[in-house]
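> Provided herewith is a single structure, encoded as structure tokens, for subsequent inquiry.
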Amino acid sequence: MTDQTLALLRDTLRRYVEKEVVPHGATWEAQGCVPREVLRQMGRLGFLGLRYAEEYGGGALDARATALLAEELGRSTFGGFAITVLVHTDMASPHLANAGTKEQIAKYLPKIVSGEAITAVAVTEPDAGSDVKAIRTSARREGGEWVLNGAKMFITNGALADLYFVAAKTEPAAGAKGVSMFMVEKGAPGFTVGRTLDKMGWRSSDTAELAFENCRVPAANLLGEENRGFYAIMKNFQNERIAIAAMCMGEAAKAIELTLEYVRARQAFGAPLWDKQAIRQRLAMLAARVEAGRQLVQHAAALDADGRDCVKEVSMAKAYCAELLNEVVYDCLQFHGGFGFIRESAIERMYRDARVQSIGGGATEVMLEEVAKRL
């Protein structure tokens, strides 16, 4: 993948976000989800399949494209929109692309790339988040079917999705070695989408509870090898964390841009806020750290693209970038003064959206433990 390809993709994405997302994002925040037609439009433009094979409508690119997509979506200032797309492109559907049979991929992937079928990944439960092996949802084989029982929590795209990648215990006593992944279509017998959760941020992203009560799916809906689902989840976490880290840096860079505009225009004590040395030096240091974060994400993505072990670098990026984003938006809101505390302010929304980034996709503390193991 050439630098020219990346530059063209970045330019196209940035123009799309500015024209098609920013003017409508507040409406999506109010209604609590991104309209399906928006995702179908993104599919037609080729944004939903950057990593997938051309024969299925994809762009055949690598992890650097994931980082670029996530960064540009983060710049929209609407974290709920960004995560809706990224869960579909880089957190849920890769389970199919990585572990699916030719038949499974041929059946579902073209619809995923086009935006006709939206995806979600269902791992988290009321008592199991970052500790994946602690999940309790079970799956037992009955003839030509699997029967799932259990509940999932905090599922992004939970109400919107058409196809869910569900983690369940097929050997409950085996811990991590007893987890399998299944594809469950909306409407499957015994599968219910529960309430949509009212969140602090990411307001344009639906987050729902899921319930499986003797939910029956065909045996062919087992994804990958039985009892190897934990390892598939761990593998895909690298892609997910690259996306989240890059999204954080897109958000942080945009927050600094918005704040620079504000402090250069805002008058205080007879001069623009920009004339205050403390403010401009603080913004300069934040800008330097954001650029460092971007470079760390790019490094991790490049390692992934080369097929090299990058768990340490990806975990570093996820931890560093999520914590940095929260620091950036805190200071940027402070420099906006009272205007930053008003709901119609973009920086206020970004402040709320940022908080979950150090939790979702692997809490900072979990990421630092992954790094510590490899020091």
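> Against the definition (more than 11 Å from the chain's Cα centre (by Cα), part of a helix (DSSP H, G or I) and among the hydrophobic types (A, V, I, L, M, F, W, C)), how does Ala117 come out, yes or no? First the steps, then the outcome.
Working: more than 11 Å from the chain's Cα centre (by Cα): yes; part of a helix (DSSP H, G or I): no; among the hydrophobic types (A, V, I, L, M, F, W, C): yes.
Here the answer is no, as Ala117 does not meet what is asked.
> Can you tell me which condition Phe237 does not meet? The list is (1) buried (at least 16 other Cβ atoms within 10 Å of the Cβ); (2) modelled with pLDDT of 95 or more, and all the others hold.
(2)
> Being outside any helix (DSSP H, G or I) and in contact (Cβ under 8 Å) with a residue 24 or more places away in the chain is the filter here, so list the residues in the range 243-280 that pass it.
Residue satisfying the conditions is Arg266 alone.
> Quick one: is Ile105 in contact with a Leu (Cβ under 8 Å, 6 or more places away or on another chain), outside the structural domain of Leu222 (by TED's automatic domain parsing) and of a type in the set (A, V, I, L, M)?
Working: in contact with a Leu (Cβ under 8 Å, 6 or more places away or on another chain): yes; outside the structural domain of Leu222 (by TED's automatic domain parsing): yes; of a type in the set (A, V, I, L, M): yes.
So Ile105 fits the description; yes.
> Next question. Hey, among the residues in the range 117-133 that are surrounded by fewer than 19 Cβ atoms within 10 Å (Cβ to Cβ) and of a type in the set (Asp, Glu), which one's modelled with the highest pLDDT?
Of everything passing the filter in the range 117-133, Asp127 is modelled with the highest pLDDT.
> Is it true that some residue in the range 72-95 is over 16 Å from Thr192 (Cα atoms), assigned to a strand (DSSP E or B) and not assigned by TED's automatic domain parsing to the domain that holds Lys254? Quick ask: steps written out before the conclusion?
Within the range 72-95, the subset over 16 Å from Thr192 (Cα atoms) is 72-95.
Restricting the remaining residues to those that are assigned to a strand (DSSP E or B) gives none.
So far as the range 72-95 goes, no, none of its residues is over 16 Å from Thr192 (Cα atoms), assigned to a strand (DSSP E or B) and not assigned by TED's automatic domain parsing to the domain that holds Lys254.
> Can you tell me which residues in the range 15-39 are assigned to a helix (DSSP H, G or I), in contact (Cβ under 8 Å) with a residue 60 or more places away in the chain and under 18 Å from the mean Cα position of the chain (by Cα)?
Once the filter is applied, which keeps residues that are assigned to a helix (DSSP H, G or I), in contact (Cβ under 8 Å) with a residue 60 or more places away in the chain and under 18 Å from the mean Cα position of the chain (by Cα), the range 15-39 yields Val21, Gly25, Trp28, Glu29, Arg36, Leu39.
> Considering each residue of the range 194-208, count those that are in a strand (DSSP E or B) and crowded, with 19+ Cβ neighbours inside 10 Å, and give that number.
Filtering the range 194-208 down to residues in a strand (DSSP E or B) leaves 194-196, 207-208.
Narrowing the set further to residues that are crowded, with 19+ Cβ neighbours inside 10 Å leaves 207-208.
So the count comes out to 2.
> Right, another one. Being of a type in the set (A, V, I, L, M) and in contact with a Gly (Cβ under 6 Å, 6 or more places away or on another chain) is the filter here; which residues of the range 301-350 pass it? Walk me through how you get there before you give the answer.
Quick first cut of the range 301-350, residues of a type in the set (A, V, I, L, M) only: 301-303, 305, 311, 314, 316-317, 319, 322, 324-325, 328-329, 333, 342, 346-347, 350.
Hits for the range 301-350 are Leu324, Leu333, Ile347.
> Right, here's the next one. Which of the following residues is surrounded by fewer than 19 Cβ atoms within 10 Å (Cβ to Cβ), aromatic (Phe, Trp, Tyr) and at negative phi: Tyr330, Tyr262, Tyr351?
Values: Tyr262 fails: surrounded by fewer than 19 Cβ atoms within 10 Å (Cβ to Cβ); Tyr351 fails: surrounded by fewer than 19 Cβ atoms within 10 Å (Cβ to Cβ).
None of the other options fit; the residue is Tyr330.
So that you can scan it fast, the table gives a plain yes or no per residue for (1) modelled with pLDDT of 95 or more; (2) surrounded by fewer than 16 Cβ atoms within 10 Å (Cβ to Cβ); (3) more than 26 Å from Ala354 (Cα to Cα):
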| site | (1), (2), (3) |
| --- | --- |
| Ile135 | no, no, yes |
| Gly150 | yes, no, yes |
| Tyr164 | yes, no, no |
| Ala167 | yes, no, yes |
| Pro172 | no, yes, yes |
| Met181 | yes, no, yes |
| Asn214 | yes, yes, yes |
| Ala219 | yes, yes, yes |
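> Cβ-Cβ under 8 Å, sequence separation 6+ or interchain: first residue in the range 214-228 and more than 9 Å from Ala188 (Cβ to Cβ), partner of a type in the set (Lys, Arg) and in a strand (DSSP E or B). Which pairs?
So the pair list comes out as Ala219/Arg141.
> Something else: Report yes if some residue within the range 105-124 is without any contact (Cβ under 8 Å) to a residue 40 or more places away in the chain, hydroxyl-bearing (Ser, Thr, Tyr) and closer than 27 Å to Lys169 by Cβ; otherwise report no.
yes
> Still on this structure: Return the residues of the range 290-316 that are in a helix (DSSP H, G or I), surrounded by fewer than 18 Cβ atoms within 10 Å (Cβ to Cβ) and free of Cβ contacts under 8 Å to residues at least 40 places away in the same chain; say none if nothing qualifies.
Hits for the range 290-316 are Glu291, Ala292, Gln295, His299.
The values are calculated or read from the model by the stated rules, or taken from the named source; none is laboratory data. Since the structure is predicted, the reported quantities are computational estimates derived from the model, not experimental observations. Neighbour counts run over all protein chains shown; Cβ positions are idealised from the backbone, glycine included.
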